[in-house]
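Colleague: This is the structure I want to talk about, given as structure tokens.
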Amino acid sequence: MKSIRHKYLSAIIFLTFWVFGCSLQSREDKNNTNLFWETSDPEAEGINKLVIDSIHQEIQDGVYGLIDHFLLIRNGKIIADYHYDWDYETISRNYDTSRHQYNYDHPDWHPYYNYSDLHSLQSVTKSITSLLLGIAMDEGLVSHLDTAILPLFSDYQLDLSDERKKLITLRNLLTMQSGLEWDESSAYADNSENNCTILEFSDDWIQYVLNRPMDTIPGTKYVYNSGVSVLLGKVVQIATGKRIDKWAEEKLFGPLGITEYYWKQTPQGEIDTEGGLYLKPHDLAKIGYLSLQKGRWENEQIVSEDWIEKSIQPVVKLGDRFGYGYQWWVVHDSGEILSYNMHGYGGQIVSIIPKNDIVIVLNGWNIHGGGKIKEDMIFVERIRTNIR
């Protein structure tokens, strides 16, 4: 899920890393590699092996805090695949471990689901939700991104006294420019002023988001808002007639051979499309690779190339090199997209480097402060600049 405990411009630039009382083992993970992936040597794929080895050693040494998995794919082949074991049950004892699916210190829920290999993706879920919406558009089930959303939610109580709310479109939701008043900048998820925290502990998520007052005219201001990603998931359900987890099984997970996942549900039985999905690292890599291949998987076009291309454009400018697309973070330079990324709270990263045919997957669980490392420099630029 979500990067709800930190500011979101920082989320594309930084990872928060922290090390505390943990036992660590590392191994090259060959057991869970799906048969789809071939393996190769970094040097054979044109990447300096010493760079990969040094990153691996630094993770083992705790330089980046609690990293659970490091996976690197180039030219469709795995060239780095390392898993790191931490004693999260012991670590969590220092914090509140009341049993709730949105208590991020409860070891039954985070970072793995019920001690399985399924890792919390947090806000990486948002990018996958965008792909699922794109498939619905490709099939003609969603007519246009400039469609006003409120008519789709006629079954809910809607306060339309502010005319600006009627102007919110699907495009505004995708680009975090809804105009709704929202704040996720609080440092901790248990902060009573954090709208995402309030959302996650509410009974009716969709009604909560729809009830938010307007702050600006839709389409004029970027505000990171996990609530709008919840609305996007509901739009997919309304358009397709299927709950989004079932839509994903049919249209995305099934074709990619993803047979195991877990997806949180709200008290109303809605699927948490802002941060509730759990996948294994190699399956998450498949979704990254699908995007790298412009929506094509083997001989099948899963999602249109047009949707992928539009999704990864830096529609919202967040700095000289950083932007936000359709639920994707984008790093660009002089008009060239250097990487496009899925980011999630605690250190969930999928970085796709199109020019160099690279997919990087990183799972971690750094949620209690510590030093900050520039992710783009460490895990993307460092690899990208050592390609031969």
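Colleague: With each label point set 7 Å from Cα along the Cα-Cβ vector, what nm distance links Lys246 and Asp320?
Modeller: If labels sit at Lys246 and Asp320, their model points lie 5.1 nm apart.
Colleague: How large is the dipole of region 163-274 about the Cα centre if only Lys and Arg carry +1 and Asp and Glu carry -1, each at its Cβ, rounded to the nearest 20 debye?
Modeller: 640
Colleague: Hey, rough spin-label estimate for Asp159 and Gln207, points 7 angstrom out along Cα→Cβ, what's it come to in nanometres?
Modeller: 1.4
Colleague: Calculate, for Ala44 and Glu298, the FRET efficiency according to 1/(1 + (r/R0)^6) with r their C-beta to C-beta distance and R0 22 Å; round to the nearest 0.05.
Modeller: Calculated value: 0.45.
Colleague: Averaging sequence separations of C-alpha pairs under 8 Å and six or more residues apart, then dividing by the length of region 252-388, give the relative contact order as a whole percent.
Modeller: About 14 percent, as a whole number.
Colleague: While we're here: If you restrict to DSSP beta bridges whose two residues both lie in the chain, what percentage is antiparallel, to the nearest 5?
Modeller: Beta bridges within the chain, antiparallel portion: roughly 95 percent.
Colleague: Please tell me the relative contact order of region 46-102 in percent, rounded to the nearest whole number, where contacts are Cα pairs under 8 Å and at least six residues apart.
Modeller: So the answer I get is 22 percent.
Colleague: What spacing in nm lies between the two simple spin-label points modelled at Thr147 and Thr216, each 7 Å away from Cα in the Cβ direction?
Modeller: Using points 7 Å along Cα→Cβ, the separation is 2.6 nm.
Colleague: Tabulate in residue order the Karplus-calculated ³J(HN,Hα) for region 62-68, using 6.51 cos²θ - 1.76 cosθ + 1.60 with θ = phi - 60°, rounded to whole Hz; enter x for Gly and Pro.
Modeller: Values per residue, Gly and Pro as x: x, 4, 10, x, 8, 9, 9 Hz.
Colleague: OK, next. Taking the Cα centre of region 41-192 as origin, sum charge times position over the Cβ atoms of Lys and Arg (+1) and Asp and Glu (-1), and report the length of that vector in debye to the nearest 20.
Modeller: Dipole about the Cα centre, nearest 20: 500 debye.
Colleague: Oh, and also: Could you give the length gained by full extension between Val63 and Arg388, i.e. 0.36 nm per residue of separation minus their alpha carbon distance, to one decimal place?
Modeller: Extending this stretch completely gives an extra 114.4 nm.
Colleague: Now for a separate question. Based on the Cβ-Cβ distance of Asp183 and Glu305, what FRET efficiency does E = 1/(1 + (r/R0)^6) give at R0 = 41 Å, to the nearest 0.05?
Modeller: Calculated transfer efficiency: 0.70.
Colleague: Under a 5 Å amide H to amide H cut-off, with H placed in plane at 1.01 Å, what residues pair with Glu181 once short-range neighbours are removed?
Modeller: Under 5 Å from the amide H of Glu181: Met214, Asp215.
Colleague: Let me ask something else. What size of dipole, in debye to the nearest 20, comes out for region 254-303 about its Cα centre when the only charges are +1 on Lys and Arg C-beta atoms and -1 on Asp and Glu C-beta atoms?
Modeller: 180
Colleague: Post the alpha-carbon centroid distance, region 318-335 to region 123-189, in whole angstrom.
Modeller: Value for the Cα centre distance between the two parts: 20 Å.
Colleague: Which entries in the list Lys234/Lys294; Lys246/Lys294; Lys242/Lys355 go over 30 Å, if you measure between the two C-alpha atoms of each?
Modeller: Pairs exceeding 30 Å: Lys242/Lys355.
FYI, it's all coordinate maths here, none of it is from the lab. Keep in mind the model is a prediction, meaning the values are calculated, not measured. Heads up, the Cβs are rebuilt from the backbone with ideal geometry, glycines too, and the neighbour counts pull from every protein chain shown.
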